[in-house]
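The values are calculated or read from the model by the stated rules, or taken from the named source; none is laboratory data. Not measured: the values here are computed from a predicted model. Ideal geometry is used to build each Cβ from the backbone, glycine not excepted, and the neighbour counts take in all protein chains shown. To get the accessible areas, we keep the full protein, side chains included, count just its heavy atoms, and leave off ligands, DNA and RNA. Shrake-Rupley method; radii C 1.70, N 1.55, O 1.52, S 1.80 Å.
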Amino acid sequence: MEPDSLPTEIILARASRSLGQVQLDWNPQPGHYLDLQGQTYAVLERRHKYQLRCGRYRLNKIALYVQSAERPLEQSLLDGRWVQGDATCRYNARSELIRCAVNPSGPCAGCRFYEAIGN
């Protein structure tokens, strides 16, 4: 095991079924996308599992709860994180998981509901 990598269990959220364990060299957070066995998943939740060793709790394993997804084609960088869609629109949810209320499936380009923030 590499020093910065921990065993990570990938769990399909709706079915509560494990898709297996992997060693990741990065820390996916909710809203990130993960490719596993030719399928793309959106990370919904991240849980840490600790183990008591020598009188101290140490991070032992990570569990990622995921759902099948497609990577969004439109993303905006907002306050150091990527959100779906065009963050300059008033209706954008500013979320990694949801684009907006009026046009959730997109695309943002050419959307008839687009309204710039501040108008």
Calculated FRET efficiency for the pair GLN51/ARG14, C-beta based, R₀ 25 Å, to 0.05: 0.35
For the chain, inverting the pair-averaged 1/r of distinct alpha-carbon atoms gives a Kirkwood value in Å of 16.2
Counting only DSSP beta bridges with both residues in the chain, what percent are antiparallel, rounded to the nearest 5? 85
Over the chain, calculate the relative contact order: mean separation of alpha carbon pairs under 8 Å at least 6 apart, over the residue count, as a percent. 18
What list of ³J(HN,Hα) values in whole Hz, one per residue of segment 12-26 in order, does the Karplus curve 6.51 cos²θ - 1.76 cosθ + 1.60 (θ = phi - 60°) give from phi, with Gly and Pro shown as x? 6, 4, 5, 8, 6, 10, 6, 9, x, 10, 9, 9, 10, 9, 9
Just to confirm, what accessible area per residue do you get for the chain at 1.4 Å probe, in whole Å²? 68
Accessible surface of the chain, 1.4 Å probe, proportion on carbon and sulfur as whole %: 49
For segment 1-49, which trypsin sites (Lys or Arg not before Pro) pass both filters: DSSP loop (anything but H, G, I, E, B) and at most 16 other C-beta atoms within 10 Å? ARG14
For segment 49-116: rounded, prolate or oblate by the Cα gyration tensor [a/c cutoff 1.5]: prolate
Taking alpha-carbon centroids only, segment 98-118 lies from segment 40-74 a number of Å equal to 31
The summed charge of the LEU78 Cβ neighbourhood (under 15 Å; Lys/Arg +1, Asp/Glu -1) stands at 0
Loop-resident sites, segment 1-100, for GluC sites (Glu not before Pro), counting at most 11 other Cβ within 10 Å (DSSP): GLU70
Search the structure for amide H atoms under 5 Å from the amide H of THR40, placed 1.01 Å from N in the peptide plane, and list their residues when 5 or more places away or on another chain. ALA69
Pull up all non-local amide H partners of LEU78: gap of 5 or more, or a different chain, and H-to-H distance under 5 Å with H placed in the peptide plane. VAL83
